[in-house]
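One structure is given here, and the rest of the page talks about it.
The values are calculated or read from the model by the stated rules, or taken from the named source; none is laboratory data. All values derive from a computational prediction rather than experimental measurement. Because the Cβ atoms are built from the backbone with ideal geometry, glycine has one as well, and the counts that use them run over all protein chains shown.
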């Protein structure tokens, strides 16, 4: 019986925490983020350690209340810090045409920027 009371108390405390989620758009892709997340996005021209803002917020959830943008949520921005720049895994592009002596092998490594989400401002 005591365990159930503690569990209910923990659940009640967990419900009081305000979790802020947002869906941002950058580099032609959409990312679901919350403060503290580290994500890899398409390369952004910013120096390592600098703070950047993502103003294209498509959806915002705060205190179990959802705000959907049309197409973006007005007055909302996501602050992030640039952690590093890098290149992804190597992809091999191989073209081949049978009976024509044609083959081409090309490699590609996509550049990315790793950012840490600091804050979601409304």
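Only one entry of 73, 78 meets the criterion of being free of Cβ contacts under 8 Å to residues at least 60 places away in the same chain, surrounded by 13 or more Cβ atoms within 10 Å (Cβ to Cβ) and not in a strand (DSSP E or B), and that entry is 73.
Restricting segment 50-66 to residues that are surrounded by 15 or more Cβ atoms within 10 Å (Cβ to Cβ) and assigned to a strand (DSSP E or B), the residue that is modelled with the lowest pLDDT is 62.
Have a look at 41, 33, 5, 19 and point out the one that is at pLDDT below 95 and surrounded by 10 or more Cβ atoms within 10 Å (Cβ to Cβ).
Details: 41 fails: at pLDDT below 95; 33 fails: at pLDDT below 95; 5 fails: surrounded by 10 or more Cβ atoms within 10 Å (Cβ to Cβ).
Of 41, 33, 5, 19, the one residue that is at pLDDT below 95 and surrounded by 10 or more Cβ atoms within 10 Å (Cβ to Cβ) is 19.
Residues in segment 98-122 that are over 30 Å from residue 83 (Cβ atoms) and not in a loop (DSSP other than H, G, I, E, B): 102, 103, 104, 105. Of the listed requirements (1) over 16 Å from residue 34 (Cα atoms); (2) surrounded by fewer than 15 Cβ atoms within 10 Å (Cβ to Cβ); (3) touching a strand residue (DSSP E or B) at 6+ places or on another chain (Cβ under 7 Å), residue 113 misses just one: (2).
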